[in-house]
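Working notes, beginning with the structure itself.
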Amino acid sequence: MIGFVDNLPLVEFPAGRVFAFRGAWLRENLLRAAADAGYADWWLADHVTKSITEYLESQFAGPVVTVARLADAVRHVLMAIGWADVARHFQASRPAGEISLLQIAQECGGYELAFFERLRAAILSDIRDGAAVLSLVDIVPAVKLMTGAKVFTRFCAGLRDEIVGFSRHCICLNAGEKRMDVVIR
């Protein structure tokens, strides 16, 4: 028998992608829905997250829950406690995608053209998979690898700015009306 972390089921997204359920992920989605409904720093996000987590730990039977079923359960809870406006905005987006810019640079042997094409493909893949948060990590080591610099120089800063601008353009061009938070570090 397989034991899951904290007795929580896996969450299955379209196209068969499966992620471990995490309360922080659900809380982020609740806060996003509340903000879209006009409630900044919604005070019930932690309580609703805890309630859904406890339900999944103690009453949900099965190793996997579809994201659609989980989202329906969350909307039902929100409606039951009188927060229909938050329920209307609730969407369970895929957990944050993380793209290692250093890994892409290494795979491309430091060649910029190949790097930007692989970065575009990775961003588009995360957008298609429904990520609401995208994290681009390791930008400084990636830039240093591609420039061959041992220390971060003005030339490095130019390439870093080009990567940020390219990523921003790629996301804006392909995300459409979908809200997407991006972290670059």
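The values are calculated or read from the model by the stated rules, or taken from the named source; none is laboratory data. Just so you know, these numbers come straight off a predicted model, no measurement behind them. FYI the Cβ positions are ideal-geometry reconstructions off the backbone, even for glycines, and counts take in every protein chain you see. Side chains included, ligands, DNA and RNA excluded: accessible areas come from the protein's heavy atoms. Shrake-Rupley method; radii C 1.70, N 1.55, O 1.52, S 1.80 Å.
Brief remarks on what is shown
- For region 26-45, a residue qualifies if it is among the small types (Gly, Ala, Ser), farther than 25 Å from GLY16 by Cα and surrounded by 13 or more Cβ atoms within 10 Å (Cβ to Cβ), and the qualifying residues are ALA34, ALA35, ALA37, ALA45.
- Filter result for the condition that a residue is modelled with pLDDT under 95 and closer than 30 Å to ARG160 by Cβ, over ALA96, ALA61, ALA68, ALA92: ALA96
- Output for region 175-184, where each listed residue is in contact with a helix residue (DSSP H, G or I) (Cβ under 9 Å, 6 or more places away or on another chain), surrounded by 11 or more Cβ atoms within 10 Å (Cβ to Cβ) and either at pLDDT below 80 or of a type outside the set (Gly, Ala, Ser) (or both): LYS178, ARG179, MET180, ASP181, VAL182, ILE184
- Residues in region 175-185 that are without any contact (Cβ under 8 Å) to a residue 12 or more places away in the chain and of a type in the set (D, E, K, R): GLU177 only.
- Scanning region 9-66 for residues that are free of Cβ contacts under 8 Å to residues at least 24 places away in the same chain and of a type in the set (Phe, Trp, Tyr) returns TRP43, TYR55.
- Search result, residues across region 46-67 that are assigned to a helix (DSSP H, G or I) and open to solvent by less than 60 Å² (accessible area, probe 1.4 Å): VAL48, THR49, SER51, ILE52, THR53, LEU56, VAL67
Matching residues to (1) under 15 Å from GLN91 (Cα atoms); (2) hydrophobic (A, V, I, L, M, F, W, C):
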site: PRO9; (1), (2): no, no
site: LEU26; (1), (2): yes, yes
site: LEU30; (1), (2): yes, yes
site: ALA35; (1), (2): yes, yes
site: LEU44; (1), (2): no, yes
site: THR66; (1), (2): yes, no
site: ASP72; (1), (2): yes, no
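- Hits in region 1-45 - residues which are modelled with pLDDT under 85 and either part of a helix (DSSP H, G or I) or more than 20 Å from the chain's Cα centre (by Cα) (or both): MET1, ILE2, GLY3, PHE4, VAL5, ASP6, ASN7, PRO14, ALA15, GLY16
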